[in-house]
Amino acid sequence: MKKVLTMFTIVIFASCSKSDKPVDFVTQNDEDIQAYIADNNLNAQKSSTGLYYVINEEGTGVQPTFSDNVTVAYKGYFLNGSVFDQSDANGISFNLQRVISGWTEGITYFKEGGSGILLIPAHLGYGNNNSNGIPGGSVLVFDVTLISVN
């Protein structure tokens, strides 16, 4: 009887426990990005990773690779237009391997002097967890200008 009661208790606790499976935002992010593109009449391209990008000015200089150091001026905001970060006109310099995946990939679509928009789903940004004021699962939008490949 004691074994039956112990097993019953284990089953009850196991069935009442909350699922630890993380929420998958990939499909929702893609739908939200597509709606944003349509609402803003953007001519965006989608990469195989799910990143969307818009080339406004192609640029005429060097095109960076995934491991280059670059200087980029940017403004980052959510789909609702709320700005969460931005550089000044001089931009910031960094190595493309030290930023979110959406930037590592996205900046390589531009040449020096080029500008456009990156629409980054959560799986290429900060993921499903809150990070430095960015809510988990958030789509990130960046207006970017590639100033130089250093």
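The values are calculated or read from the model by the stated rules, or taken from the named source; none is laboratory data. For clarity, every value in this text was computed on a predicted model and none was experimentally measured. For neighbour counting, all protein chains shown are included, and Cβ atoms are generated from backbone atoms with ideal geometry for every residue, glycine included. Quick note on the areas: whole protein, heavy atoms, side chains included, nothing else; ligands and nucleic acids left out. Shrake-Rupley method; radii C 1.70, N 1.55, O 1.52, S 1.80 Å.
Residues in region 82-113 that are of a type in the set (Asp, Glu) and more than 14 Å from the chain's Cα centre (by Cα): 2 in all. Restricting the first member to region 77-93 and to residues that are surrounded by 13 or more Cβ atoms within 10 Å (Cβ to Cβ), and the second to residues that are of a type in the set (Gly, Ala, Ser) and assigned to a loop (DSSP other than H, G, I, E, B), the beta-carbon pairs closer than 7 Å and six or more apart or on different chains are 78/138; 84/133. Any residue at all in region 72-95 that's β-branched (Val, Ile, Thr), in contact with a helix residue (DSSP H, G or I) (Cβ under 8 Å, 6 or more places away or on another chain) and over 25 Å from residue 38 (Cβ atoms)? Scanning region 72-95 turns up at least one residue that is β-branched (Val, Ile, Thr), in contact with a helix residue (DSSP H, G or I) (Cβ under 8 Å, 6 or more places away or on another chain) and over 25 Å from residue 38 (Cβ atoms). Apart from one condition, residue 94 fits all of (1) outside any helix (DSSP H, G or I); (2) within 20 Å of residue 31 (Cβ to Cβ); the exception is (2).
Candidates are the residues of region 116-150 that are in a strand (DSSP E or B) and free of Cβ contacts under 8 Å to residues at least 60 places away in the same chain; the one that is surrounded by the fewest Cβ atoms within 10 Å (Cβ to Cβ) is 131.
Could you please find all residues in region 97-115 being in a helix (DSSP H, G or I) and over 26 Å from residue 30 (Cβ atoms)?
Across region 97-115, the qualifying residue is only 98.
Filter region 36-76 for residues that are open to solvent by 50 Å² or more (accessible area, probe 1.4 Å), aliphatic (A, V, I, L, M) and over 23 Å from residue 92 (Cβ atoms) and give the result.
Listed by number, the list holds a single entry, 38.
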